[in-house]
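One structure is given below, encoded as structure tokens.
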Amino acid sequence: MKVLIKSAWGSADPTQAAFPFHHANAFVEAGHEVQVFLLGEAVSLMRTAVAESVVPVGWAPLADALTKVVEHRVPIHV
């Protein structure tokens, strides 16, 4: 299955902001083809300083999830 994950959530809501990356990893690990499309505030998550400061409630930090997304070679469109 091909999956496109879209998000506009930025660092103001760290839990929502991290979901697309955690979900992308889950889909890839389940064997699906995934792409992430970021718009609005979510674009700022691509800055290293921002990604490292986003820690969602009950989930691994965004920087960890983003690293895995990159390792999985998931395209990220901004």
- Message: Condition first: within 20 Å of ALA60 (Cβ to Cβ), modelled with pLDDT of 95 or more and exposed (fewer than 15 other Cβ atoms within 10 Å of the Cβ). Can you find one or more residues in the stretch 3-11 that meet it?
- Response: no
- Could you list all residues from the stretch 35-78 that are surrounded by 14 or more Cβ atoms within 10 Å (Cβ to Cβ), part of a strand (DSSP E or B) and not polar (S, T, N, Q)? VAL36, PHE37, LEU38, ILE76
- Note on the structure: When restricted to VAL69, VAL50, VAL43, the only residue touching a strand residue (DSSP E or B) at 6+ places or on another chain (Cβ under 8 Å) and either within 15 Å of LEU4 (Cα to Cα) or of a type in the set (Val, Ile, Thr) (or both) is VAL69
- Item | Residue identified as closer than 15 Å to PRO75 by Cβ and hydroxyl-bearing (Ser, Thr, Tyr) among SER7, SER53, SER44, SER11 | SER7
- Which of (1) in contact (Cβ under 8 Å) with a residue 12 or more places away in the chain; (2) not in a loop (DSSP other than H, G, I, E, B) does TRP9 not meet, given it meets every other one? (2)
- Query: In the stretch 17-41, which residues are over 17 Å from VAL78 (Cβ atoms) and of a type in the set (S, T, N, Q)?
  - Reply: ASN25
- Note on the structure: Filtering the stretch 55-78 down to residues that are of a type in the set (A, V, I, L, M) and over 11 Å from the mean Cα position of the chain (by Cα) yields VAL55, VAL57, ALA60, VAL78
- Message: Testing THR15 on (1) assigned to a helix (DSSP H, G or I); (2) without any contact (Cβ under 8 Å) to a residue 40 or more places away in the chain, one condition comes back false. Which one is that?
- Response: (2)
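The values are calculated or read from the model by the stated rules, or taken from the named source; none is laboratory data. Every value quoted in this text rests on a predicted model; they were computed, and no experiment measured them. Neighbour counts are summed over all protein chains in view; Cβ atoms, including those assigned to glycine, are modelled from backbone coordinates with ideal geometry.
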